[in-house]
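Participant: I'd like to ask some things about the structure below.
The values are calculated or read from the model by the stated rules, or taken from the named source; none is laboratory data. Just so it is clear, the structure is predicted and the values come from calculations on it, not from any experiment. Glycine also receives a Cβ, built like all others from the backbone with ideal geometry; neighbour counts cover every protein chain displayed.
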DNA sequence: TCGAGGAACGTAAGCGCTTTCCGAAAGCGC
DNA sequence: GCGCTTTCGGAAAGCGCTTACGTTCCTCGA
């Protein structure tokens, strides 16, 4: 068995190349102060020895970590997976590694992950999970991230957070409004809303959008059943079951995200309720599979991958005096899950 | 604006607590050699100062990084997102952070990411992307990871790799066989196979399973059209179009993963080909949405989340003399996308 | 009463790298 | 040939932490 020597260090490379550590460092960092001939030689030796710099030593000595943190609620959720894909794409292209944490839709979890990321001295932190409507729930996160920024860290959030940082703002309100308006325009009035935890700003904003659209048609949120459940496929499933049982007269269902809409569709299919002939369904997000469901899902597209890219790009820019804010667009994607109001039986 | 002081260091905490940094370190690490009274005081001061240890300094001084690396092909792919979810779950529960990299289904990319992860001195590396049938494509990865293990790093792979490390082996061959056998049992003989890049072991193994199932019915892979395309939804889409055009007599399609099957279904829906009345479709993986497609997708379940959990658990165990290997189970999930052979027109 | 033994805490030596500050060598005009 | 500027490369000081090794002081048995 080969000797369990530790990985080659810069000193080993320097020795083998017959130069000092300083020269070797400069050569590998491609900084000036070394003749090209020497630099090339050092690099060649390093390559041959399989030398890989120790990030921790480098960071400790003042270099950057070349690592960014990403906090999501749950990576298994396609919404976050797509955002993560965008973040990782930009990161990898710029030579950064990405550390991903689950907050589990829990302020305490978020706090814990932020603490971890700060401990790791990541160059930047992207918080992708929704914010909380209750400011207190993010007070500590905010304090931590503010301190982080004061020490040179960079932060960007996706969504509406009580966190002082650059932000990518998904058009949640407009998206909710677009989905509702679409249904209203089709003539639906008995619309059920399957909502998520009201404590999430994403949910609150989309719901506000729905309310606004309703208002344009002389309705309020009190005129339609709104059922808050989990912001997941199963939440949509159970929500649809309850709503259907309690309000048999509904002609349309809005799920505040596509995952829930998928759960809704599964209930309707199981019950043999034709979509959209008997019931229209709309979601929000436009996750990748939305187009491939049957019926394909009418939804409002939010550019998740791009949001991830944007967030990291912002975070990696030199900080500006005032907080940057970038609104994403949104686009109503009308597919087959919505249609006109069924004739009264 | 508050002074841009850097984060509090251990020395700051020690000073404030009136002890030496050694004592402070011991107190915070909960190691013995400090009276409980002093330790509690130090911890309290640290908490009040918002002290968070610098991971890099800690690592450099000999501590563990408490970070594990995860290499996936693409996190936007639900197969990998679910694996990642499992890895992150176990990691977070054990106090580890997870660094995720995209290899982009490219040996060079994989190599690069491995190098990065090694540079970060992660305690363990989990390689989740498929291996390559061509050993040379992984020779360098193997060398790097072997060296990594010799210096105390831990490695686990998911899939069949030419990498000397503990492995979680998805039942790819059996899964492919199960999908094909199911179709054959239903009476199908004109089965099209929509395959991925043959260079991936996952693809090769699943295909081998299909071959085995065919053999049991007196057929070989030469008797059925096999079309290698991208291992993605769009690959499935274009593959189905070509296969349908070139072999109009097919009665069943096997896609070697669910994402491709989703693409296949979309083609069939667009062409008005009834599933399963006119065409049966089977996939492999059982991604979360498979059950919610319409028709719901017959597929072979591989426990992705569990695979992720298992892989990291193995990697975090003390190394054993010989390589551990754990086979996952698989389970044929018959849903609505497969049915008997349509009567001849 | 004294010294051995041990608990509690401090001192200081690195971990591997970056970077500042210098000295040496080399090129230049006069 | 002399002193000057440039250029190249080396020595060494940390970065913030862990930990082996000391030191101090207390306890307790004989």
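Participant: Going by the conditions given, is residue B:48 surrounded by fewer than 17 Cβ atoms within 10 Å (Cβ to Cβ), assigned to a loop (DSSP other than H, G, I, E, B) and more than 8 Å from chain A (Cβ to nearest Cβ)? Can you show your working first?
Facilitator: Details: surrounded by fewer than 17 Cβ atoms within 10 Å (Cβ to Cβ): yes; assigned to a loop (DSSP other than H, G, I, E, B): no; more than 8 Å from chain A (Cβ to nearest Cβ): yes.
So residue B:48 fails the test.
Participant: Going through B:83, B:75 one at a time, which residue ends up being in a helix (DSSP H, G or I), crowded, with 21+ Cβ neighbours inside 10 Å, modelled with pLDDT of 85 or more and more than 9 Å from DNA strand C (Cβ to nearest atom)?
Facilitator: Numbers: B:75 fails: in a helix (DSSP H, G or I).
One residue alone meets the criteria, B:83.
Participant: Something else about it: I'd like to check which strands (runs of 3 or more DSSP E) are fully inside the range A:232-345 and have at least 2 residues that are in contact with a helix residue (DSSP H, G or I) (Cβ under 9 Å, 6 or more places away or on another chain) and surrounded by 15 or more Cβ atoms within 10 Å (Cβ to Cβ).
Facilitator: A:252-255, A:280-282, A:299-301, A:331-333
Participant: If you check B:34, B:42, which single one turns out to be within 11 Å of DNA strand C (Cβ to nearest atom), free of Cβ contacts under 8 Å to residues at least 60 places away in the same chain and over 29 Å from residue A:153 (Cα atoms)?
Facilitator: On inspection, the qualifying residue turns out to be B:34.
Participant: Okay, next question. So residue A:120 fits all but one of (1) more than 16 Å from DNA strand D (Cβ to nearest atom); (2) within 18 Å of residue B:97 (Cβ to Cβ); (3) within 11 Å of chain B (Cβ to nearest Cβ); what number is the exception?
Facilitator: Looking at each condition in turn, residue A:120 falls short on (1).
Participant: Check off (1) outside any loop (DSSP other than H, G, I, E, B); (2) closer than 30 Å to residue A:127 by Cβ; (3) within 12 Å of DNA strand D (Cβ to nearest atom) for residue A:25 and give me the number that stays unchecked.
Facilitator: The failed condition is (2).
Participant: Take the range A:28-40 and flag every residue that is more than 9 Å from DNA strand D (Cβ to nearest atom) and either surrounded by 14 or more Cβ atoms within 10 Å (Cβ to Cβ) or closer than 18 Å to residue A:63 by Cβ (or both).
Facilitator: Within the range A:28-40, A:28, A:29, A:30, A:31 qualify.
Participant: So, in the range A:8-31, exactly how many residues are more than 43 Å from the chain's Cα centre (by Cα) and near DNA strand C (Cβ under 8 Å from one of its atoms)? I'd like the intermediate steps shown before the answer.
Facilitator: Step one: list which residues in the range A:8-31 are more than 43 Å from the chain's Cα centre (by Cα), which gives A:14-20.
Narrowing the set further to residues that are near DNA strand C (Cβ under 8 Å from one of its atoms) leaves A:20.
Final tally of qualifying residues: 1.
Participant: Among (1) part of a helix (DSSP H, G or I); (2) facing chain B (nearest Cβ under 8 Å), which single condition is residue A:90 missing?
Facilitator: With (1) part of a helix (DSSP H, G or I); (2) facing chain B (nearest Cβ under 8 Å) applied to residue A:90, the lone miss is (2).
Participant: Is it the case that the range B:3-18 has a residue that's in contact with a strand residue (DSSP E or B) (Cβ under 7 Å, 6 or more places away or on another chain) and not in a loop (DSSP other than H, G, I, E, B)?
Facilitator: No.
Participant: Now a separate question. Keeping to the range B:58-73, report how many residues are more than 17 Å from residue B:116 (Cβ to Cβ), touching a residue at least 12 places away in the same chain (Cβ under 8 Å) and at the interface with chain A (Cβ under 7 Å from one of its Cβ atoms). Explain how you work it out, then say what you get.
Facilitator: So in the range B:58-73, the residues more than 17 Å from residue B:116 (Cβ to Cβ) come out as B:58, B:60-64, B:66.
Now restrict to residues that are touching a residue at least 12 places away in the same chain (Cβ under 8 Å): B:64, B:66.
If we keep only those that are at the interface with chain A (Cβ under 7 Å from one of its Cβ atoms) too, we end up with none.
Summing the residues that are more than 17 Å from residue B:116 (Cβ to Cβ), touching a residue at least 12 places away in the same chain (Cβ under 8 Å) and at the interface with chain A (Cβ under 7 Å from one of its Cβ atoms) in the range B:58-73 gives 0.
Quick grid of which residues meet (1) at the interface with chain A (Cβ under 7 Å from one of its Cβ atoms); (2) within 16 Å of residue A:120 (Cβ to Cβ); (3) in contact (Cβ under 8 Å) with a residue 12 or more places away in the chain; (4) more than 12 Å from the chain's Cα centre (by Cα):
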{"residue": "B:84", "(1), (2), (3), (4)": "yes, no, yes, no"}
{"residue": "B:96", "(1), (2), (3), (4)": "no, yes, yes, yes"}
{"residue": "B:100", "(1), (2), (3), (4)": "yes, yes, yes, no"}
{"residue": "B:109", "(1), (2), (3), (4)": "no, no, no, yes"}
{"residue": "B:112", "(1), (2), (3), (4)": "no, no, no, yes"}
{"residue": "B:116", "(1), (2), (3), (4)": "yes, yes, yes, yes"}
{"residue": "B:127", "(1), (2), (3), (4)": "no, no, yes, no"}
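Participant: Looking only at the range A:68-88, decide whether some residue is within 16 Å of DNA strand D (Cβ to nearest atom), outside the structural domain of residue A:202 (by TED's automatic domain parsing) and touching a helix residue (DSSP H, G or I) at 6+ places or on another chain (Cβ under 7 Å).
Facilitator: No.
Participant: A further question on this structure: For the range B:45-54, which positions are without any contact (Cβ under 8 Å) to a residue 40 or more places away in the chain and within 16 Å of DNA strand C (Cβ to nearest atom)?
Facilitator: As a first pass, look at the range B:45-54 and keep what is without any contact (Cβ under 8 Å) to a residue 40 or more places away in the chain: B:45-48.
B:45, B:46, listed by residue number.
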